[in-house]
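Here is the structure we will look at.
The values are calculated or read from the model by the stated rules, or taken from the named source; none is laboratory data. Everything numeric here is computed off the predicted structure, so don't read it as measured data. Glycine also receives a Cβ, built like all others from the backbone with ideal geometry; neighbour counts cover every protein chain displayed. Areas reflect the complete protein model, heavy atoms only, side chains present, ligands, DNA and RNA absent. Shrake-Rupley method; radii C 1.70, N 1.55, O 1.52, S 1.80 Å.
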Amino acid sequence: MRKVILWAIVLFFVNNLVNAQATKAPAYPLIDHNTYFSIWSFSDTLNASSTKHWTGKDQSLIGLIKIDGTTYRFMGKESPVYKTILPASDEQAYQCKYTETEPSGNWQNIKYDDSNWNTGGAPFTDDKQQAKTLWTSKDIWMRRTFTLNNLNIDKLVLKLYHDDNVEVYLNGQKVYDFVGWTSDFKLVPLIDKFKNKLKKGDNVLAIHCANTAGGAWLDAGLLNQVKAQPNFVLLAKQKSVEVNATQTIYNFNCVDVNLQVTFTSPLLMNDLDIFSRPVSYISYKVNSTDDRNHNVKVLFSASTSIAVNNPSQDVVAKKYYATALSILKAGTIAQPVLKKKGDDLRIDWGYMYVAVPKSADELQYITGQDSLVNSFINGNVKPANKTGRQLSLNTILNFGSVGSAVKEKFVELGYDDLYSVQYFKQNLKPWWKLGGATIENELNTAASQYAIVMRKCDAFNKSMYSDAVKAGGKNYADLCVLAYRQSISAHQLLKSPQGDILFLSKENFSNGSINTVDVTYPSAPLYLLYNPKLLEGMLNGIFHYCESKMWTNNFAAHDLGTYPLANGQTYGENMPVEESGNMIILTAAIVAAERNAGYAKKHWKTLSAWAQYLSENGFDPGNQLCTDDFAGHLAHNANLSVKAIVALGAYAGLANKLGEKSIAKKYWKLASGMAAKWVQMANAGDHYALVFGSNDTWSQKYNLIWDKVLGLNLFSPSVYKKEVNYYLTKQNKYGLPLDSRKTYTKSDWILWTASLADNQKDFKALTDPVFKYANETPTRVPLSDWHETTDGKMVGFQARSVVGGYFMKLLESKWLK
């Protein structure tokens, strides 16, 4: 009997461990589908801040609950409302005076004589495609005279885009300076004494900008931050938050009513119809906690900022019905489809949708963001179409009288981007549109399948978490949970004109490239586990490009362009060993996952050319970049050498599977010989060096993991062991540094490096500091893969797909089993 009780206790704790998912994140995923449709909460409490696009720009979702006439806010925070005083060029073209020669005298003052200065339009930049005035010198001085008739300003805000260092003057008074640059407009609230410098009649905004390195840019305007109208809204008390693979779940207490809010983005890789559908559910469950019934209404409000690149863009919004749904729709009036490319951008074409099942108890309407709260409190609802800026799409869910029994309702948030990517000059529709489906079809199907999809998500969440716990422990499983939606939503799923699947990534906040090979490489483990066809989709575009006349090199390309324009490589420098090795290794991994060599056969000629290049240049790489390009060029890179060796071994294995026995024998002999030579040349006593011949250096040899996972065994397990033992002596509070040059690290590489360990103790010792980083980093953005190991701060990058690499341990455990 005692054994039975003990076993029951063990089962209880195991089940709770499996079901208890991540409860802390640097930022919390809410709506996750692709790089443009990606909304997050950047705070631990859902109602502590406005919700944001992964880039950090506001994409406001507001949640209010009214209980017996008392209103509580449980989601988001009202975004500031701005009125333009002096438009910047993103809102209205303007001319001003400028000079690139340092002026004498008080050039900042109103009465300064600038008649001999040049006249030009903003933006002032060295970007020839975007410049209204080309600026290529080191310094520029700009004077913009404007007339004011109304001084009724609540809060004066400087709207400024500068690259690099800047000094700003208003009517001769310095109001702002900054050393550094911005990559977009920054809103700078000014203290009241500067507002008082404005006067009726003529005023002047004067700016000096110095371009110290890189690009050049200057553009500016002034805004009035309108004083918020008072409202009588209390804050709901958040009791908990839980993140699993496909959902983020919040629980609130509103005095006598419990509220559960669940955000579900059903990214189920085994069902591409559901996976590609650009629709998320926001579900609400309410019940009374005091044995009395309460009248409950819930407001879901989505800002049209979801459909614009910047808040100055005009939008049109309307309400209509489609089959079983009531729908709100909004998008920009301009609809510049695929007209913008780059990193720090949001979509401004296509349309956002808020849908709810038709019922007499549901009400949808459109307001300005400044009136949405009071319209709900006061019941001042006027369903009507609207045109303007910063609108809100509002849905009221009427739960009626709520007792102790749980009542549930849901809203859908969707996005139709019309065309997702330009692929070698041809605009491609998203995958879900291939059969001629409309967004209304998708919204209606999602609504009718709500219960089924939620059950599928629940089953996947539990199985994925359980597998990850078994592979690496609870902390590891929590890291996988944080990585899952982030990695997927940095891609877009399409079909090429040639009929191939495309799953194209964006290099989020690293350079904005599309389909970068060395971003695909670290991301791969997640997709090898759950759908290797998606990994094919990450390689197909590169193969197509490199097999065309557009690419003339005997090594692999780096990227296909700058997102969302995939018209050919735009990165300024090649990474020949890096990308060729990546493509061969990943092809071998696809063949292993699919247990079929057909994919390698299709591209055998190209793979053979790359293998030949690596055989000649891979063992002792010259002074070239690798995927860690932020660390600079490095000759004789021992880790990059490992990649080439493993790639050649993988190529030999592919040749063997394809019946190319002589080629297999030749390349296996070559790879084996290189591996033996590498062990000698990189040997630094108790570890292996960062570069050949420098025994006082070291680095993570994360590329070795493919030797283990693919079962090549080119390197002895003693090599892995020696490296792991050495790494354990080099750790800092928040992880193992990338190498001996700096204290920063890449967390995806740590997870790969840790998977070389031959026991759970060493694996946890290397990965627990990464879990600590994810829980304690002061940088509140979607998980950064590049952080400081000493203080846990982000160094660069955020919301990137490479965290799919966290699944390497799970891949290793499943494949080696």
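Brief remarks on what is shown
- Per-residue ellipticity at 222 nm computed for the chain from its helices equals -9500 deg cm²/dmol, with DSSP H segments shorter than 4 residues left out and the rest contributing -39,500 (n - 2.57).
- Rounded to the nearest 0.05, the FRET efficiency derived from the C-beta distance between Asp68 and Ser183 at R0 = 56 Å is 0.75.
- A protection proxy built from the mean count of other Cβ atoms within 10 Å ranks the segments 452-460, 101-109, 739-747, most packed first, as 739-747, 452-460, 101-109.
- Listed by number, the DSSP H helices of the chain that run 24 Å or longer by alpha-carbon position along their axis and have mean Kyte hydropathy of at least 1.0 are 2-19.
- Using only side-chain charges placed at the Cβ, +1 for Lys and Arg and -1 for Asp and Glu, the dipole size of the stretch 350-410 relative to its Cα centre rounds to 140 debye.
- Multiplying the residue separation of Asn378 and Glu616 by 0.36 nm and removing their Cα-Cα distance gives an extension gain of 78.2 nm.
- Spin-label model distance (nm) - Lys549 vs Thr101, 7 Å beyond Cα toward Cβ: 5.1
- Size of electric dipole in the stretch 11-123: Cβ of Lys, Arg +1 and of Asp, Glu -1, about Cα centre, debye, nearest 20: 460
- Accessible solvent surface per residue of the chain, calculated while the other protein chains remain in place, 1.4 angstrom probe, Å²: 38
- Hypothetical label at Gln130: residues of the stretch 21-57 whose amide nitrogen lies under 20 Å (7 Å Cα-Cβ projection): 35-37, 53-57
- Of the residues Leu218, Asn231, Tyr284, the one whose Cα sits farthest toward the positive end of the charge dipole of the stretch 170-328, with +1 on the Cβ of Lys and Arg and -1 on the Cβ of Asp and Glu, is Asn231.
- Put simply, the stretch 371-423 fits an ellipsoid with semi-axes of 31, 21, 8 Å; these come from the alpha carbon gyration tensor as the roots of five times its eigenvalues, largest first.
- The mean sequence distance of close C-alpha pairs (under 8 Å, at least 6 residues apart), as a share of the length of the chain, puts its relative contact order at 11 percent.
- Highest average packing first - 86-94, 800-808, 475-483, Cβ atoms within 10 Å: 800-808, 475-483, 86-94
- Modelled label positions at Asp154 and Asn427, each set 7 Å beyond Cα in the direction of Cβ, lie 3.8 nm from each other.
- When you work out D = kT/(6 pi eta Rh) for the stretch 545-672 at 25 °C and 0.890 mPa s, using the Kirkwood radius from C-alpha pairs as Rh and the Stokes-Einstein form, the result is 163 µm²/s.
- With every protein chain in place, the stretch 504-594: carbon and sulfur % of accessible area (1.4 Å): 46
- Taken over the alpha carbons of the stretch 198-267 as equal point scatterers, the Debye sum produces base-10 log I(q)/I(0) values at 0.15, 0.22 Å⁻¹ of -0.76, -1.08.
- Overall, the chain carries a charge dipole of about 1460 debye about its Cα centre when +1 sits on the Cβ of Lys and Arg and -1 on the Cβ of Asp and Glu, all other atoms neutral.
- FRET efficiency for the Lys733 to Lys470 pair, using the beta carbon distance and R₀ = 25 Å, is estimated at 0.35.
- Multiplying the residue separation of Val226 and Ser662 by 0.36 nm and removing their Cα-Cα distance gives an extension gain of 149.4 nm.
- Value of Rg to Rh for the chain (Rh from inverse mean 1/r over Cα pairs, i.e. Kirkwood): 0.99
- Mean projection area, nm², convex hull over Cα of the stretch 285-329: 5.7
- Once both labels are positioned 7 Å from their Cα atoms along Cα-to-Cβ, the gap between Glu408 and Asp273 label points is 2.2 nm.
- Per-selection metrics, the stretch 203-353 (Cα): Rg and Dmax in Å: 21.8, 67
- Relative packing of 769-776, 561-568, 444-451, which averages over residues the other C-beta atoms within 10 Å, highest first: 561-568, 769-776, 444-451
- Over the stretch 747-817, volume per residue of the alpha carbon convex hull, in Å³: 81
- Calculated FRET efficiency for the pair Thr438/Lys721, C-beta based, R₀ 41 Å, to 0.05: 0.10
- Theoretical gain in end-to-end length, Ser401 to Lys677 [0.36 nm per residue, Cα-Cα removed]: 91.7 nm
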